[in-house]
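Notes for the one structure printed next.
The values are calculated or read from the model by the stated rules, or taken from the named source; none is laboratory data. Everything quoted here is computed from the prediction, not taken from an experiment. Note that each Cβ is placed from the backbone with ideal geometry, even for glycine, and that neighbours are counted across all protein chains shown. Side chains are part of the model used for accessible areas, which takes the heavy atoms of the whole protein and leaves out ligands, DNA and RNA. Shrake-Rupley method; radii C 1.70, N 1.55, O 1.52, S 1.80 Å.
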Amino acid sequence: QASPILMRFSEAGGAPTVAWTPDSTQNAGAGFPTPLPGGRGVLFGLCLGGGGCVRGYELHALDLATGRSSMVAADGILGVYTSDGHVLFARPDGGLLAAPFDLKTLAFRSAPVPVLDSVSLGPNGFPIFALSSEGTLLTRTGGVISSLGTYEFVWVDRQGVERSIDSSF
């Protein structure tokens, strides 16, 4: 379940301040915040309808200078900014999309295009994907996972060969 607000912490420490709160007409909460370059803003998933996100999700961009947010994509849960200037985001149906993103306006420059159609969602609705700063995408494909269980990290080379990773260090 998403928290209703986003908090901001100074790198110097001290008490946090409210960065964003839903307006009185929104029965919503913020989740999965990810920063944009240069401290310009934050992408976050807006859970609509209170507990359980019964009215769905929207991907929003929060302007940290003004404190205002705007919808970037309907049905977006989690978005990340890529090193080549795109936003990659997941939808609750497992779709993964990308679109060029303007850091000045905090909006897409053109319509999103599909990247994958089968990103797994964890039991909490969290899309299971990660993107490195170099652009490597790591994801689990499939449907909704009913429990997380125990997993082992492995390296998979370009030929599909797995090697165990020593997790003892």
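Looking only at residues of the range 39-52 that are outside any helix (DSSP H, G or I) and modelled with pLDDT of 85 or more, we find that the one that is most open to solvent (accessible area, probe 1.4 Å) is ARG40. Inspect all residues belonging to the range 37-58 and state whether any of them is basic (Lys, Arg) and more than 26 Å from GLU134 (Cα to Cα). There is at least one residue in the range 37-58 that is basic (Lys, Arg) and more than 26 Å from GLU134 (Cα to Cα).
Taking the listed residues LEU78, LEU59, LEU36, the one that is among the aliphatic types (A, V, I, L, M), open to solvent by less than 20 Å² (accessible area, probe 1.4 Å) and closer than 16 Å to ALA111 by Cα is LEU59, with no other qualifying.
Take ALA65 and decide whether it is part of a loop (DSSP other than H, G, I, E, B) and either more than 18 Å from THR21 (Cα to Cα) or open to solvent by less than 10 Å² (accessible area, probe 1.4 Å) (or both). For ALA65, the condition - part of a loop (DSSP other than H, G, I, E, B) and either more than 18 Å from THR21 (Cα to Cα) or open to solvent by less than 10 Å² (accessible area, probe 1.4 Å) (or both) - is not met. Here PRO100 does not qualify as surrounded by 21 or more Cβ atoms within 10 Å (Cβ to Cβ) and at pLDDT 95 or above. Among residues of the range 64-88 that are at positive phi, those with a Cβ under 6 angstrom from a residue that is open to solvent by 40 Å² or more (accessible area, probe 1.4 Å), sequence gap 6+ or separate chain, pair up as ASP75/TYR57; ASP75/ARG91.
The residue of the range 121-132 that is nearest to GLY56 (Cα to Cα), among those that are at pLDDT 85 or above and of a type outside the set (A, V, I, L, M), is PRO127.
Can you tell me which residue in the range 135-163 is modelled with the highest pLDDT, limited to those that are exposed (fewer than 10 other Cβ atoms within 10 Å of the Cβ) and in contact with a strand residue (DSSP E or B) (Cβ under 6 Å, 6 or more places away or on another chain)? Only one residue fits best here, namely ARG163.
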